[in-house]
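What follows is a single structure, written as structure tokens, with notes after it.
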Amino acid sequence: MEITGLPTPVFCGVDWAEDHHDIALIDAGGKQLAKARISDDAAGFAQFIALLTEHGDSEDAPIPVAIETSRGLLVACLRATGRPVYSINPLAVARYRDRHSVARKKSDAVDAAALANILRTDMAAHRPLPKDSELVQAIAVLARAQQDAVWARGQAHNKLRSQLREFYPAILDAFAQHKHGLCSREARSILTAAPTPTMAAKLTRRRLQSLLKQAGRVRGIPAEAERLHEVFKRDYLHQLPRVEAALGHQTSALLRQLNTACDNADQLEEAVTQAFDEHPDAPVIRSFPGLAALTGARVLAEIGDDRARFANAGSLKAYAGSAPVTRASGKSCKVMSRKVKNQRLAAVGYVWAFVSLTKSPGARAHYDRRRAAGDRHVAAQRNLFNRFMGMLFHCLPCPPRPRPDGSVAFRGGGEHASGPSPR
């Protein structure tokens with residue numbers, strides 16, 4: 001029986017570039033309805049919206065859009081309009097392209113049509129971008145930028161340390177036991193004043209005390225100055241004088257990079273924690289052992305606040321990479337750690353699990369049970385992180401969902417049924 005009167009679904013594919021985008025619209029039968037090339041500006045976006053509207057796009061029945069990226073102004077504007085936007089992996093698009101052409105031809109228009117056909121045939125196998133709030137999107141930008149700044153700080157620190165090993169072992173000995181090492185304010189202040197070991201050996205106790213005060217130290221200044229003075233006066237091997245002076249100039253350049261990286265990380269940390277504290281999910285996330293403002297912001301940035309994003313706790317665990325993956329074929333069955341995952345969420349997960357070992361007796365007991373069962377340290381930590389992700393899924397409040405019988409089902413907001421306590 002042929003049903004008439006229902007609108008024919010339309011699917012859109014966008015092949016993006018730096019200065020233009022190719023658009024393709026395809027109906028349910030695979031017929032291409034329209035194609036266009038728009039510019040990457042406001043006029044081009046208006047042309048794109050007009051093209052969608054011309055082919056039946058409306059607020060009640062928006063046309064889904066497939067694109068190979070989740071970033072950029074075009075994606076942000078499409079998400080702001082409420083349209084479902086699907087970010088398709090470029091590798092998956094390449095596989096779909098081979099289904100339509102054995103000649104392996106490729107063009108921007110062909111890629112746009114391939115993206116539209118992905119939605120036409122396999123839209124249920126892909127997930128749209130989450131409908132996160134504006135605050136969570138801002139937290140995600142700040143949290144990822146702060147994490148990148150921390151990684152940049154680590155790289156700058158390693159470069160400087162490698163440089164100092166070539167001619168300045170005294171400064172390495174002086175801050176070998178310091179919590180932050182060369183990233184500490186004291187070390188950077190002394191390196192600024194004395195970028196070579198010869199200059200460090202000439203620093204007086206009074207000058208060292210002044211440098212420590214400038215770095216923000218308030219306790220034990222005389223004792224620390226005396227210790228540093230003794231370290232710098234020890235006998236060390238030296239480079240030739242002019243070579244040492246040249247290495248000192250290079251050290252100053254690397255130190256400026258480290259100072260910039262440290263300042264960026266500190267400023268972004270302050271911004272992200274301030275934004276995180278404004279979110280209503282912050283008290284729930286921070287109630288877990290091992291999560292503070294910064295790590296909690298990183299978790300919220302990656303999972304978002306769109307409660308419809310994950311259908312169940314297993315989906316969230318797979319996204320975080322904490323749940324194992326099974327590869328079975330015939331008599332062969334292997335259970336392995338998941339490689340395809342959100343790397344940022346997995347990275348903060350290991351920190352979360354590690355810190356919780358000293359904050360929660362339940363978390364420590366669970367870790368010890370996994371170790372006694374034969375898990376290595378990383379596997380036991382990942383298993384603990386997996387438990388935490390399941391608890392977090394059920395703790396976060398979720399809007400009520402109607403049941404088939406007309407009643408209302410609620411999820412989240414309650415206490416944990418089992419496992420380590422979040423408090």
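Structure values in brief
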| quantity | calculated |
| --- | --- |
| Positions within segment 343-358 being buried (at least 18 other Cβ atoms within 10 Å of the Cβ) and more than 14 Å from the chain's Cα centre (by Cα), in sequence order | Trp352, Ala353, Ser356, Leu357 |
| Positions within segment 359-375 being outside any helix (DSSP H, G or I) and over 15 Å from Pro324 (Cα atoms), in sequence order | Lys359, Ser360, Ala373, Gly374 |
| Residue in segment 365-397 that is most open to solvent (accessible area, probe 1.4 Å), counting only those that are in contact (Cβ under 8 Å) with a residue 12 or more places away in the chain and farther than 27 Å from Arg144 by Cα | Arg370 |
| Residues located in segment 228-249, provided they are surrounded by 12 or more Cβ atoms within 10 Å (Cβ to Cβ) and either free of Cβ contacts under 8 Å to residues at least 24 places away in the same chain or outside the structural domain of His157 (by the TED database) (or both) | Ala246 |
| Selection count where residues are modelled with pLDDT under 70 and open to solvent by 100 Å² or more (accessible area, probe 1.4 Å), scope segment 92-104 | 3 |
| Unmet criterion (only one of (1) surrounded by fewer than 19 Cβ atoms within 10 Å (Cβ to Cβ); (2) in contact (Cβ under 8 Å) with a residue 60 or more places away in the chain; (3) part of a helix (DSSP H, G or I)) for Ala143 | (1) |
| Residue list for segment 44-78, filter: open to solvent by 70 Å² or more (accessible area, probe 1.4 Å), part of a helix (DSSP H, G or I) and either of a type in the set (D, E, K, R) or farther than 16 Å from Glu18 by Cβ (or both) | Gln47, Thr53, Glu54 |
| Hits in segment 157-194 - residues which are open to solvent by 20 Å² or more (accessible area, probe 1.4 Å) and closer than 21 Å to Asp235 by Cβ | Arg165, Glu166, Pro169, Leu172, Asp173, Ala176, Gln177 |
| Per-region count, segment 149-169, residues hydrophobic (A, V, I, L, M, F, W, C), more than 15 Å from Ser252 (Cβ to Cβ) and touching a residue at least 60 places away in the same chain (Cβ under 8 Å) | 3 |
| Selection status of Gly13, in contact (Cβ under 8 Å) with a residue 60 or more places away in the chain and either open to solvent by less than 20 Å² (accessible area, probe 1.4 Å) or not in a helix (DSSP H, G or I) (or both) | yes |
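Residue-by-condition table, conditions (1) of a type in the set (Phe, Trp, Tyr); (2) farther than 21 Å from Asp263 by Cα; (3) assigned to a helix (DSSP H, G or I):
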{"site": "Ala187", "(1), (2), (3)": "no, no, yes"}
{"site": "Ala200", "(1), (2), (3)": "no, yes, yes"}
{"site": "Arg219", "(1), (2), (3)": "no, yes, no"}
{"site": "Ala223", "(1), (2), (3)": "no, yes, yes"}
{"site": "Arg234", "(1), (2), (3)": "no, yes, no"}
{"site": "Val243", "(1), (2), (3)": "no, yes, yes"}
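The values are calculated or read from the model by the stated rules, or taken from the named source; none is laboratory data. The model shown is predicted, which means the values in this text are computed figures rather than measured ones. We place every Cβ from the backbone using ideal geometry, glycine too, and count neighbours over all the protein chains shown. Side chains included, ligands, DNA and RNA excluded: accessible areas come from the protein's heavy atoms. Shrake-Rupley method; radii C 1.70, N 1.55, O 1.52, S 1.80 Å.
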